[in-house]
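The values are calculated or read from the model by the stated rules, or taken from the named source; none is laboratory data. Computed from a prediction, not measured in an experiment: that's the story for all the values here. Neighbour counts are summed over all protein chains in view; Cβ atoms, including those assigned to glycine, are modelled from backbone coordinates with ideal geometry.
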Amino acid sequence: MNEDQIERIEHFLSGLMTEEESNAFLSELEGDPELKQLYHQHKFLKNGFAGLQVEELEKKLRLDEEPAARPVSIQRSPAYRYLSIAAMAIVLAGISFLLFRPPLMQRLAKRNYDAPFAQIQRSNPPPQDTTYLNAMAAFGSQDWKKAITLFEMVSDTHRLYKRALYYRAHSYVGLNEYEAAHAIFSNPAFTEGQYVYQADWNRVLMRMYLKHPTREIISNLEIIADDSKHFFNERAILLLEKLKKK
Amino acid sequence: MEQGVYESFKKGSDQEIRSLYQSYSVSFVNYISKAFKCDQMLARDIYPEAFSIVYFNIRNGKLTPPLKSSIQTYLNSTGWNLYHRRHLDKYQRDKLPLEDIDTEPETKSMVDEILMQKERGQHVRSLLEKIGEPCKNILVQIYIHESGYKDLSATMNVPEATLRKRKFDCLAKMRKLMDELKLEL
């Protein structure tokens, strides 16, 4: 692959080509499968770098945020005679919040859980992808039951089987059925390939939702925290810190 | 006024961005917590992400003047879409009164695109770890920190032409790994 091709792809993706140049480039892509493959790969990488850029800024902003600068929500009533009633209501609300809020482990799991983005990119899908794409559409509209049914219909010989399995697990999370999700994240299909790290991380989160013993969760997280190449290494370190503080 | 703010988003220093970040936060948190009747903590939690989405869409020229609404409205609307995607199940979404929703339609696709990019970012992070140094540093500097060849070649003490060559070699390594891992594009 030559460097000029990458530069042209970058120009196209950055919107730096004129309309005429863009049209010529698109027709060239259609006639050159190798260039088309290079284009899709580079687009994937550029998207990924853009995603990391956003994450980096977010992280910086969160770190910069000082407690004093955070917005406050306390509204003072000028009517002192209502003060005691208001205080009582706050105390009662606080007590019921403490009584009914989910346990710490589940709250931390919820805060750390991210449902993946529904991947619907093809305009002319091959017929064998129809079920998979319908499942993805159901996932995108959070129709979890339909998504589960359709993802289940994707055969294990289909090239997107692992992805279907992965999204089926997340559909169960959408239904709060963590046991089922945990079983799928533990599927041997995830011991290799592109979902290894995500499955690892989500298995731990499911165990947190399922209230597995804290010691077990900490030991699971330590394995990820010790692996600097793990996708979720930094998040595991942060989560461990929170758990240990409590 | 809004044009000045837009320019600060587009070209502002770190300090200016931080100050913009703080200036919009109270209204954002109030808007989201009122719109979804949720705890302010939750609204605060999505604010950095909403801000980053608007910031990068302005920086990358996807959100350009004349803007249909104020930056605050774009931020609130982005937060609305983020909250909608992240915290509501289908039942809750269906129950949400549509007539009360005052959002900018383009922020929905902005949010969707960034969520897709973040997901791909996880793969890219893993590929970067696998190819290791010096490739990781070169690509991070060029694509994430947006360092120019000139500055980077001075910092790394290598000629610009060598740096460019290394960048292409590193990208080729990344693509080779993508092939090996059979990453679905």
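To keep it simple, each residue is scored yes or no on (1) at pLDDT 50 or above; (2) surrounded by fewer than 20 Cβ atoms within 10 Å (Cβ to Cβ); (3) out of contact with any His (no Cβ under 6 Å at 6 or more places or on another chain).
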site	(1), (2), (3)
A:Lys46	yes, yes, yes
A:Val54	yes, no, yes
A:Asp64	yes, yes, yes
A:Gln75	no, yes, yes
Among (1) modelled with pLDDT of 90 or more; (2) closer than 26 Å to B:Arg166 by Cβ, the one test that A:Glu28 misses: (2)
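Provide a single number: the residues in the range B:35-47 that are assigned to a loop (DSSP other than H, G, I, E, B) and either closer than 20 Å to A:Lys60 by Cβ or within 10 Å of chain A (Cβ to nearest Cβ) (or both). Quick ask: steps written out before the conclusion?
At the first step, the residues of the range B:35-47 found to be assigned to a loop (DSSP other than H, G, I, E, B) are B:36-39.
If we keep only those that are either closer than 20 Å to A:Lys60 by Cβ or within 10 Å of chain A (Cβ to nearest Cβ) (or both) too, we end up with B:39.
Qualifying residue count for the region: 1.
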Single residue of the range B:9-34 satisfying the filter (at pLDDT below 85 and surrounded by 14 or more Cβ atoms within 10 Å (Cβ to Cβ)) that is nearest to the other protein chains (Cβ to nearest Cβ): B:Gly12
Any helices (runs of 4 or more DSSP H) falling wholly within the range B:116-185 and containing at least 3 residues that are touching a residue at least 24 places away in the same chain (Cβ under 8 Å), within 11 Å of chain A (Cβ to nearest Cβ) and surrounded by 13 or more Cβ atoms within 10 Å (Cβ to Cβ): B:160-181
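In this structure, is B:Val124 under 29 Å from B:Ala50 (Cβ atoms) and in contact with a helix residue (DSSP H, G or I) (Cβ under 6 Å, 6 or more places away or on another chain)?
Values: under 29 Å from B:Ala50 (Cβ atoms): yes; in contact with a helix residue (DSSP H, G or I) (Cβ under 6 Å, 6 or more places away or on another chain): yes.
Yes.
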Residues that are modelled with pLDDT of 75 or more and away from chain B (no Cβ under 11 Å), drawn from the range A:110-128: A:Asn112, A:Pro126, A:Pro127, A:Gln128
Only one of B:Asp112, B:Asp94 that is assigned to a helix (DSSP H, G or I), modelled with pLDDT of 80 or more, surrounded by fewer than 19 Cβ atoms within 10 Å (Cβ to Cβ) and of a type in the set (Asp, Glu): B:Asp112
Whichever residue in the range A:139-161 is at the interface with chain B (Cβ under 10 Å from one of its Cβ atoms) and more than 24 Å from B:His84 (Cα to Cα) and, among such residues, is surrounded by the fewest Cβ atoms within 10 Å (Cβ to Cβ): A:Arg159
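Quick check, is A:Ala135 at pLDDT 85 or above and surrounded by 15 or more Cβ atoms within 10 Å (Cβ to Cβ)? Quick ask: steps written out before the conclusion?
Numbers: at pLDDT 85 or above: yes; surrounded by 15 or more Cβ atoms within 10 Å (Cβ to Cβ): yes.
Yes, satisfied.
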